[in-house]
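The values are calculated or read from the model by the stated rules, or taken from the named source; none is laboratory data. As the structure is a prediction and not an experimental result, all values here were calculated from the model. Glycine gets a Cβ as well: all are built from the backbone with ideal geometry, and neighbour counts include every protein chain shown.
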């Protein structure tokens with residue numbers, strides 16, 4: 001199989017697939033030892049160059065660890081007319097809950113409710129039904145509560161290569177998103193008093209918590225040192 005034939009086979013595979021296809025899968029299907037990962041990546045780049053130069057309405061995108069042929073978002077309203085179905089959008093409560101899970105995973109239902117201030121049983125069921133979240137084991141401690149995290153379908157839904165592509169929290173308008181403010185707090189138990197304390201998170205580069213505090217809800221990158229607790233808080 002020469003390079004041109006390999007290119008057309010890869011194009012056909014991506015065209016018919018309804019989910020991202022990994023480079024390893026493409027290589028296995030081609031069954032050609034001479035076609036390696038590097039060559040497959042070069043072929044995908046060549047295909048995209050062809051599409052761009054001819055002004056096509058689609059391209060090959062890298063999402064969720066694989067590649068998928070996707071239409072340009074500018075054509076979404078016409079595609080929606082073709083299929084005659086409501087837009088697949090997440091509304092307020094579901095989107096807020098999903099954002100909390102995405103940024104602080106894995107975490108338990110009680111931790112999500114502490115941030116949102118409302119019961120989230122129904123929302124969690126909805127997100128699980130849509131395969132955007134899944135259980136990630138159980139936490140240590142009383143009752144061994146179930147921990148939740150995002151799925152590969154979450155990456156596909158939002159067109160992300162990995163969780164590293166999530167926007168930095170500082171990019172949000174925090175004045176309009178109260179739940180984002182809550183996510184940037186750290187809950188600790190003071191070993192001297194035994195009381196639960198809620199502290200504003202410092203910059204991720206600050207040292208770990210002081211010796212007299214033990215993190216209970218762990219946003220590890222948001223730990224607060226006792227020497228910084230009197231500094232002006234982020235607004």
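Residues that are without any contact (Cβ under 8 Å) to a residue 24 or more places away in the chain and part of a helix (DSSP H, G or I) do not occur anywhere in the stretch 54-65.
For residue 74, the criteria (1) exposed (fewer than 11 other Cβ atoms within 10 Å of the Cβ); (2) modelled with pLDDT of 90 or more; (3) assigned to a helix (DSSP H, G or I) hold in every case but one, which is (2). Taking the stretch 148-168 as the range and being in a loop (DSSP other than H, G, I, E, B) and over 18 Å from residue 128 (Cα atoms) as the test, the residues that pass are 159, 160, 161, 162, 166, 167, 168.
Taken over the stretch 119-147, the residue count meeting the criterion of being assigned to a loop (DSSP other than H, G, I, E, B) and surrounded by 11 or more Cβ atoms within 10 Å (Cβ to Cβ) is 8.
Are any residues in the stretch 116-134 within 24 Å of residue 157 (Cα to Cα) and touching a helix residue (DSSP H, G or I) at 6+ places or on another chain (Cβ under 8 Å), and if so, which ones? Answer for the stretch 116-134, where residues must be within 24 Å of residue 157 (Cα to Cα) and touching a helix residue (DSSP H, G or I) at 6+ places or on another chain (Cβ under 8 Å): 116, 120, 121, 123, 124, 126, 127, 130, 131, 132, 133, 134.
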